[in-house]
Amino acid sequence: MSTTQNTSSNGNLPDEALHDPVSKSLEKNELILRNSFKSCYDIVFRRIQIFGQINALLVYLDGLVDTKALDNLLLKPWMLETPRPGLGELNAVDLMLEQQLVSIAKTKTVETIGDIVQSILSSNVVILSDGLSHAVIAELKGFEQRAVEEPANETTIRGPREGFTENINVNTSLVRRKIQSTKLKMESMTVGNLSKTTIVIAYIEGIAIDSIVEEVRKRISRIQIDTVLGGNFIEEFIEDHPFTLFPQVQNTERPDIVASCLAERKVAIFIDGTPFVLIVPCTLWNAFQSADDYYERFIYATIIRWLRMLLIITSLFLPSIYVAITTFHPQLMPTNFLLSITSAREGVPFPAVIEAFMMEFLFEGLREAGIRLPRPTGSAVSIVGALVIGQAAVQAGIVSAPMVIVVSLTGIASLIVPRYSMGVAFRMLRFPMLLFSGMFGLYGVTMASLFLLIHLTNLESFGVPYLSPIAPLSRTELKDVLIRAPRWNMHTIPLSGSTQNHLRVPKGQKPGGNQGDEA
Amino acid sequence: MKHRPTAFLFLILCIALTTGCWDREELSDRVFDLAASTDLNKDGTYLTAGQFIIPSRIEQSSKGGTGGEKPYFIETGSGKSPLEAIQKARQKLSRIITRSHRRNYYIGEDLAKHGIKDMLDAFSRDPGNRIRMDIWVVKGNTGLEALQVPYPLEKVPAVASLKIHKAVGGTSGTSYLDFMIASSTEGSCPTLPVVDIVQGDSSQRTIRFYGRAIFNHDYKLAGYLNFVEGAYRQWILKRISYLDVEENIPEAGGSVGVIVTNFGSKLKSRISSENKVKMEIELSGVGHVSENNTNLDLRGQKNLKLVQNTINKKTSEHVLEMVTKVQKQYGADVLGFNEALNRQHPREWNKIKGQWDTIFQDIKVTVNVKVNLKSVGLVGPPLQFKEGDINK
């Protein structure tokens, strides 16, 4: 993992002191450090004597360091045991500390006070010693963290069950385990003046598009922010079009999705402290792809993908079409349907469009309340919502029964989008759609759809058009958009464009008599 | 310049919000008529009526609870022209009449005889009118009467005539369009389907599909074809999907009934130098025996051929009778002969089309029905017969 430390102003230390080299005097170093960590109750300064001869100082933050390992690996051999034979002159401490005495996998040396402070803050143990003009950093991270669990938001039936955690090292390792190749590059950066959040840009060299990687690097490095606490902190800085409902950065909690996206020429951005990994570029069709599509048999996956698309279209258009047809074009209904609808709407006090707005508004309210409320109260909300809206409002004649059906159908349909952030766009867009249909009927719906289409064709994500590969059309890439082609038929990588022709699955692997023959 | 797109959008919004082009109309502000009628009053004015649905009663009647209350009402108006009559009816209605679901229009016999020319234009001019509509002539009665006849199977009785027509093998929703096409085609005369009002089995009167009404070139009623005649005519035009044919088989001393489906028809015309036209009508179909009152075992090829030939021969005679009736009695070409001639002899047609009405009456017609009996049902001979009585 290559490191480009981004040092900037820090804490109590005057800026110029940060670049000061580590002094040879242990007392002086300790003084500076104690000064920096003034009023920090969790800092630990531990003075020891290695083999009773060398004065050393261990500095770390309590709670961030695995103290058991620290005791066993450093303190115990140094204080209770005698030096091994052949260790040589104890005076040549600097080499020895690093190469022979610190029995810890990941170490490095730093030479400025600022780096020491930073290392302590990122939960390392800093070892300073008398007469040494640098410090040894031993990584002994040992803070509390969540185990790798199944992600709650993106469940699959047949796919792997592991999900990212809040720890970036765990996250990158989860992906590394899936792509065991030196071509998988992970560049780390630090963003956030206060939070010093580690961000890792991952891509596969030779497969990822260089211009996109470069663009990601550029956009992330120019971010100036105090804290980065989640994916959206970065997303909002790097997306192409801020004023749109459609997300141009995909996020996921699943290592398998990240791995497959990396193989599909995309770039992943890991952010420490959040289980969500950002993936760029992202297109609209991501909204229709779920992880399970790739773990189920392809025919079923295609059918389910169509079901999803139909329901997403339903969620966008159903209320507006209902309003348009009942209030502008009653001739479009079958006669018997008209009879039922007119009798149900008889005596309802509000115009259909107002009714639709009320109910959709209420549904969104219920949905939001269901998410925000503490778990035990959540079910109460849904019961009250169902009873009050579904039952009582209809019986009281305030709302017509068909409208309740339309709204609940829309509600269910809108929650089917596998990518939550994409679903939000469709859920919100049905309100302007409703406004247009209430004003102009089906003309309005058509107009609004055209506006939407124009808007979508205008969007792009890191240089990739939002509607590609449909618009602009690229035939070879259509195998994973409207259908999910069988694996043995997905020969080329999506996003290949015309620049390079990456072969992903060699031809001639279709099961059957000719399997293995060159097609 | 910077805010140009915003200003543009704002202006568009202004067009939408301030120009008042909101033609939104709630369902509760509309009244739907599923059927309407026009009649001729004694004094020569028009009487128009509509069968309007009452939405609040539809649910009750579908729940089957209270009953009694009909989910529709009839409102009338009369005036010098159809529009004025409608205007008079609207004075009594609290909601806007929406005609987009009106699929039935009844015309009284008196009006049909008087001519329906004046009211046709209103149908085609009004965009709210649907083109897939059936216009019915009410034989021996008024259109208003047809609206008032209750029909127990349907929520709104007006739907009944349409559905009956469909159920007996006719086409639905095309008679208005066909009427207009026939009117504007050189040589042909328009027709309309006919219903009449009869005493049903119970004390109620009910509506019955009668047949076909033939109009002359002045849109005046010339006469009727009854149900079977109408069906033969539809067969010639390939507009039929189902027909029962029952014929006596003298050789076997009984009758055989056949359901005919898969209809086909071919018209072959010949024209001589003296403008004498010969028309050969070839009707085909697939028959399924549904009744056998003879002692024939229809599993035998010989017996089946006998039945088939007899049925074909007799049906041919009946069709010819119908064609002759149309030719001699009504003198109106409603059989598509003009189109057949036009297609098959376009040059000659251009010469004679002016005198088609007289030529039509003298066309020598031969009819050849070819019903192919494909199935005899589950049994060969009638089951109640003893072995010895059966003619194998």
What are the ³J(HN,Hα) couplings of region A:203-215, residue after residue, when phi is run through the Karplus curve with 6.51, -1.76, 1.60 and θ = phi - 60°? Round to Hz, x for glycine and proline. 7, 9, 5, x, 10, 4, 7, 4, 5, 5, 4, 5, 5
What percent does the relative contact order of chain B come to when contacts are Cα pairs within less than 8 Å and at least six residues apart? 12
Each residue of A:322-332 has, on average, a number of other protein chain C-beta atoms within 10 Å of its C-beta equal to 3
Based on DSSP H runs of at least 4 residues, each adding -39500 (n - 2.57), what is the mean residue ellipticity at 222 nm of chain B after dividing by all its residues, to the nearest 500 deg cm²/dmol? -9500 deg cm²/dmol
Determine the per residue accessible area of region A:295-465 with all protein chains present and a 1.4 angstrom probe, expressed in square angstrom. 47
10 Å Cβ neighbours from other chains, averaged over peptide A:343-355: 4
Average projected area [Cα convex hull, region B:228-297], square nanometres: 6.3
When the accessible area of the protein assembly as shown is split by element with a 1.4 Å probe, what percent falls to carbon and sulfur? 56
Let me check against my output: what whole-number percent is the relative contact order of chain A, with C-alpha pairs under 8 Å and at least 6 apart? 12
Any idea how far apart B:Gln87 and A:Phe237 come out in nm if each label point goes 7 Å out from Cα toward Cβ? 7.5
Between A:Leu478 and A:Ile225, with labels modelled 7 Å along Cα→Cβ, what's the label distance in nm to one decimal, could you check? 3.9
Taking a crude spin-label model, label points 7 Å out from Cα along the C-beta direction, the B:Leu9 to A:Glu81 distance in nm is 7.0
Any idea of the accessible area per residue across chain B, 1.4 Å probe, to the nearest Å²? 51
Which stretch or stretches of region A:421-444 have amide N atoms under 19 Å from the point lying 7 Å from A:Leu453's Cα along the Cα→Cβ direction? A:426, A:429-430, A:432-434, A:436-437, A:440-444
Region B:26-225 - share of DSSP beta bridges that are antiparallel (%, nearest 5): 65
Given the peptides B:114-127, A:310-323, arrange them by the average over their residues of other C-beta atoms within 10 Å, most packed first. A:310-323, B:114-127
Give the long-range amide H neighbours of B:Asn141: residues separated by 5 or more places, or on another chain, with amide H under 5 Å away, using H modelled in the peptide plane at 1.01 Å from N. B:Glu109
With N set to the residue count of region B:227-392, report its C-alpha Rg divided by 2.2 N^0.38 Å to two decimal places. 1.23
Please compute the alpha carbon radius of gyration of the protein assembly as shown, then divide it by the globular-protein estimate 2.2 N^0.38 Å. Two decimals is fine. 1.48
Counting only DSSP beta bridges with both residues in the protein assembly as shown, what percent are antiparallel, rounded to the nearest 5? 75
May I ask you to evaluate 6.51 cos²θ - 1.76 cosθ + 1.60, the Karplus curve with θ = phi - 60°, for each residue of region A:338-348 and list the ³J(HN,Hα) values in order in whole Hz, giving x for glycine and proline? 4, 4, 5, 5, 4, 5, 6, 7, 4, x, 7
Report, as an integer, the average count of C-beta atoms from other chains found within 10 Å of each Cβ along B:25-37. 4
Working from Cα positions, state the angle (0 to 90°, nearest 10) between the long axis of helix A:352-372 and the longest principal axis of chain A. 30
Report the B-A buried area as the accessible area lost on both sides summed, probe 1.4 Å, in Å² to the nearest 100. 2100
How much length is gained on full extension from A:Lys28 to A:Ala386, taking 0.36 nm per residue of separation minus their Cα-Cα distance? 121.9 nm
Peptides B:380-387, A:434-441, A:238-245 ordered by average Cβ neighbours within 10 Å, highest first: A:434-441, A:238-245, B:380-387
Protection-proxy order for peptides A:32-43, A:409-420, B:25-36, each taking the mean of Cβ atoms within 10 Å per residue, highest first: B:25-36, A:409-420, A:32-43
Between 0 and 90 degrees, rounded to the nearest ten: what's the tilt of helix A:26-36 against the longest Cα principal axis of chain A? 30
Rounded to the nearest 10 degrees, what's the angle between the helix A:298-327 long axis and the longest principal axis of chain A, both from Cα atoms, 0 to 90? 50
Rg and Dmax of chain A, using alpha carbons, in Å: what are they? 29.9, 101
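The values are calculated or read from the model by the stated rules, or taken from the named source; none is laboratory data. Just so we're clear, the structure is a prediction, and the values are computed from it rather than from any experiment. A quick note on method: Cβ atoms are made from the backbone with ideal geometry, for glycine too, and the neighbour counts reach across all protein chains shown. Side chains included, ligands, DNA and RNA excluded: accessible areas come from the protein's heavy atoms. Shrake-Rupley method; radii C 1.70, N 1.55, O 1.52, S 1.80 Å.
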